[in-house]
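Engineer: What follows is a single structure, and I will ask about it in a moment.
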Amino acid sequence: MPVVCGKCRSTKAEVQIPYARLNLCPTCFVDFFVARVKKTIEEFNMFHENVTVGVAVSGGKDSAALLHAMRQIYPGIKLVALHINLGIPRYSDHCQTKIEELTDMLHVKLHVFDLYETLGVKIGDFKKTSFKEKLCSVCGTIKRRIFEEMAMKTRVQVLATGHNLEDIAGIMFNNFLYGRWEQFVRVKPVLPPLAEGMASKVKPLIRSPGNENLLYCLYEGVPFREIDCPFSKGTGVRKSAEILETLARYNPYFKHQILNRFLEIMPLLENVKPKPSLGKCKVCGFPSSSETCAFCKRINLVKQLRKA
Ligand code: AMP
Ligand code: FES
Ligand code: ZN
């Protein structure tokens, strides 16, 4: 016998939401998904409707679902899409093509920062540096700093990223296992601007599991990338994510519990180690706790290697 949708009762359910004990038809699932994104934005007071919001779109299912859902929830808000082309062979151009398709479909303006065109550097160049085993981590540092620059240039006051439930619960779990207490602030749902004139950072998909972001894209015809980044295999976070998935098989609430418990104690964690005081990077002028910021140090490394 077909399972009836737990919301509208009239149609066949296709989506099982184990942690909510719900079976939903595609239409009710899409409503459920969009309502949760809206509720999360309101729960954490992420932004007001009179600001310009930039959505950082990578080409993946999560940020594609986020941009699409935000357009549905706030049809009148000023929304722009920000993308960094990292110069990863085959992968980066494929991602950009999908994003162009998505932003054309939604009539959202897209700003692209091309790492190679702008700085003459590609992520693959770090293979020749001491970061060769840590391409993902160097990529993260570079992206974070470019997001700030793009947000300033495009006059975006709020920058939204597509970090999903597994990303956040995974990072929390990993930080917990390794006692990286000072790193917890990074996964806060809302991060205030680093300095005046900079954007705050928000994570509206913090309560949305990745598989639901994927289903939302499929049901709504949202374009997203079909290939994986060739550099992102076997990182530490990925291993913790696997442990988390295994535990979630026994307890469907596990990821939500991790997220909720750490959100509850976040104010205490913030006081575990004092925050380093932020000065300015002597090269680029962006906020930095050291004389030269992590971004400039890394870019310089590749440029020095080229000269050698
Ligand atoms: P990741 O760090 O790859 O897990 O991505 C986390 C979030 O950062 C994504 O959901 C996007 O919102 C954003 N992001 C990652 N890569 C890019 C990129 N190349 N361009 C723009 N946004 C990105
Ligand atoms: Fe950054 Fe793959 S996208 S290393
Ligand atoms: Zn710098």
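The values are calculated or read from the model by the stated rules, or taken from the named source; none is laboratory data. All of these numbers come straight from a predicted model, not from anything done at the bench. Positions of Cβ are backbone-derived with ideal geometry, glycine not excepted, and every protein chain shown enters the neighbour counts. Accessible surface is based on the protein model in full, side chains and every heavy atom, while ligands, DNA and RNA are left aside. Shrake-Rupley method; radii C 1.70, N 1.55, O 1.52, S 1.80 Å.
Engineer: For V302, indicate whether it is crowded, with 16+ Cβ neighbours inside 10 Å, under 22 Å from L119 (Cα atoms), aliphatic (A, V, I, L, M) and within 16 Å of ligand 3 (Cβ to nearest atom). It would help to see each step written out before you state the result.
Structural biologist: Values: crowded, with 16+ Cβ neighbours inside 10 Å: yes; under 22 Å from L119 (Cα atoms): yes; aliphatic (A, V, I, L, M): yes; within 16 Å of ligand 3 (Cβ to nearest atom): yes.
Spelling it out, V302 is indeed crowded, with 16+ Cβ neighbours inside 10 Å, under 22 Å from L119 (Cα atoms), aliphatic (A, V, I, L, M) and within 16 Å of ligand 3 (Cβ to nearest atom).
Engineer: Only one of V138, V187, V202 is under 13 Å from the mean Cα position of the chain (by Cα), among the aliphatic types (A, V, I, L, M) and over 23 Å from Y74 (Cβ atoms). Can you tell me which? Walk me through it before giving the result.
Structural biologist: Details: V138 fails: under 13 Å from the mean Cα position of the chain (by Cα); V202 fails: over 23 Å from Y74 (Cβ atoms).
Matching residue, one of V138, V187, V202: V187.
Engineer: For R261, indicate whether it is near ligand 3 (Cβ under 10 Å from one of its atoms), in a helix (DSSP H, G or I) and open to solvent by 40 Å² or more (accessible area, probe 1.4 Å).
Structural biologist: no
Engineer: A further question on this structure: Could you say whether any residue in the range 277-299 is open to solvent by 30 Å² or more (accessible area, probe 1.4 Å), away from ligand 3 (no atom under 16 Å from the Cβ) and either in a loop (DSSP other than H, G, I, E, B) or within 19 Å of R186 (Cβ to Cβ) (or both)?
Structural biologist: For the range 277-299, residues open to solvent by 30 Å² or more (accessible area, probe 1.4 Å), away from ligand 3 (no atom under 16 Å from the Cβ) and either in a loop (DSSP other than H, G, I, E, B) or within 19 Å of R186 (Cβ to Cβ) (or both): present.
Engineer: Counting just the residues of the range 29-73 that are hydroxyl-bearing (S, T, Y) and more than 16 Å from ligand 2 (Cβ to nearest atom), which one comes out nearest to F113 (Cα to Cα)?
Structural biologist: T52
Engineer: What pairs can you find where one residue is in the range 275-288 and free of Cβ contacts under 8 Å to residues at least 40 places away in the same chain and within 16 Å of ligand 1 (Cβ to nearest atom), the other is open to solvent by 40 Å² or more (accessible area, probe 1.4 Å) and aliphatic (A, V, I, L, M), and their Cβ atoms are less than 6 Å apart, with a gap of 6+ or different chains?
Structural biologist: From the range 275-288, no pairs qualify.
Engineer: Would you mind listing the helices (runs of 4 or more DSSP H) fully within the range 103-217 where at least 2 residues are within 16 Å of ligand 3 (Cβ to nearest atom)?
Structural biologist: Working: elements: 115-119, 135-153, 165-178.
Because the criterion is at least 2 residues that are within 16 Å of ligand 3 (Cβ to nearest atom), the helices (runs of 4 or more DSSP H) in the range 103-217 that meet it are 115-119, 135-153.
Engineer: Answer yes or no as to whether G54 is within 29 Å of S92 (Cα to Cα), part of a loop (DSSP other than H, G, I, E, B) and not hydroxyl-bearing (S, T, Y).
Structural biologist: The answer is no for G54.
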